[in-house]
Amino acid sequence: MITLTINGLEVQVEEGTTILQAAKKIGIDIPTFCHDPRLVPHGSCRICVVEVEGARNLQASCTTPAAQGMKVTTESDVVVESRKGVLDLILANHPLDCLTCQKAGRCTLQDLCYRYDIKESSFEGERKEYEIDDSNPFYYSDQSKCILCGKCVYVCSQLQGTEAIGFAERGFTTHIATPFDKGLEHSTCVSCGNCVAVCPVGALVPKSKTKFRYWETKPVRTTCSYCGVGCQMDLLVKDNKIVEVLPADGPSNHGLLCVKGRFAYNFVGHPDRLKTPLIRKDGELVEASWDEAYDLIVSKVNEIKGEFGPDAIAGFSSARGLNEENYLMQKLMRGVIGTNNIDHCARL
Ligand code: SF4
Ligand code: SF4
Ligand code: SF4
Ligand code: FES
């Protein structure tokens, strides 16, 4: 363990801990754009710089390891001046579009400009203008708003393992691109939306059927219902309707989702969705109560078991059930009905 001081507060951390992690441990907030604890640190945005006593330059807190006896200041005049400079440079090449930008309210750039009182850039010059890539069914890419933090690229390669996007060109024309700039539709993108979830600005944005502002929504933590992995997610709910799904940090998904959990939520309020059991009567499926349905199942199962024995019955369970529900299903088949005929839809 090593001991250092941050803003006059002493903190003990394990060797190898970065200044950013040490500050977080004692509740000191250092702003970041390009940092994500799940990624290999790449230190490209410089918004997280801090002053370290005795160091020649400001240090990027997300990549600099804490050291024994280090004295760190996270919001000194020189640090604030440097962060203002970074924001000034970003805004020199960014559309000030917050009034209509879908990301307003969940945008790190907007939040930090507010925090450091940056209204506009002091630099005049050319601004990049890219056509919006609308070719993915679930999200769009507006490279005019990209701040080149690189998180999307590294999440796609290091966490998702798809490598659908990367940096193209250099200097002023650097942008995030698919191979040969052919657009998302012609890339290997699997639409997991994990890049969209980490984009700190409005450059990667989900397509939602409903217009909403983030501050109008209420997050509801839940478990994805699509398969048995148990990914944690936050449903963003406005007026009792899901308007977006965000990945949450659960033990089995660590802030990642697949395309189904992330984007396929409109079934929840779909008018065709079954809300009661259906029983076939005179060739027609008609709505029934759960009691009626269970009574029918019990009488049919008993009838078949009585006539042909328990092995005439099979149980077919679902990947959409939880582990516990699937466990109960096999208990029901083996313990109550008395057959080993139990299988699961994921085996196809
Ligand atoms: S990306 Fe952020 S700063 Fe840029 S226009 Fe949208 S809300 Fe405003
Ligand atoms: S949606 Fe998923 S696969 Fe597609 S670019 Fe983003 S992270 Fe990669
Ligand atoms: S698209 Fe978003 S996540 Fe990707 S580099 Fe640009 S700002 Fe960063
Ligand atoms: S967050 Fe540290 S350099 Fe970007």
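What to note about this one:
- Of all residues in the range 305-329, those being within 25 Å of THR222 (Cβ to Cβ) and part of a helix (DSSP H, G or I) number 7.
- Residue in the range 133-156 that is within 14 Å of ligand 1 (Cβ to nearest atom) and among the acidic types (Asp, Glu) present: yes
- Each residue in the range 108-160 was checked for being in a loop (DSSP other than H, G, I, E, B), in contact with a strand residue (DSSP E or B) (Cβ under 9 Å, 6 or more places away or on another chain), more than 16 Å from ligand 4 (Cβ to nearest atom) and closer than 22 Å to ARG46 by Cβ, and 1 pass.
- Taken over the range 84-103, the residue count meeting the criterion of being over 25 Å from LYS209 (Cβ atoms) and basic (Lys, Arg) is 1.
- Residue count for the range 22-53, restricted to those that are without any contact (Cβ under 8 Å) to a residue 24 or more places away in the chain and in a helix (DSSP H, G or I): 2.
- Hits in the range 207-241 - residues which are closer than 24 Å to CYS98 by Cα and touching a helix residue (DSSP H, G or I) at 6+ places or on another chain (Cβ under 6 Å): LYS238
- Filtered residue count, the range 51-108, keeping only those that are polar (S, T, N, Q) and either within 14 Å of ligand 1 (Cβ to nearest atom) or closer than 30 Å to ILE132 by Cα (or both): 4
- Sub-8 Å Cβ pairs linking a first residue in the range 316-342 that is under 17 Å from ASN302 (Cβ atoms) to a second residue that is modelled with pLDDT of 95 or more and acidic (Asp, Glu), at least 6 apart or interchain, are THR339/ASP311; ASN341/ASP311, ordered by first then second residue.
The values are calculated or read from the model by the stated rules, or taken from the named source; none is laboratory data. This structure is a prediction, so every number in the text was calculated from the model and none was measured. Note that each Cβ is placed from the backbone with ideal geometry, even for glycine, and that neighbours are counted across all protein chains shown.
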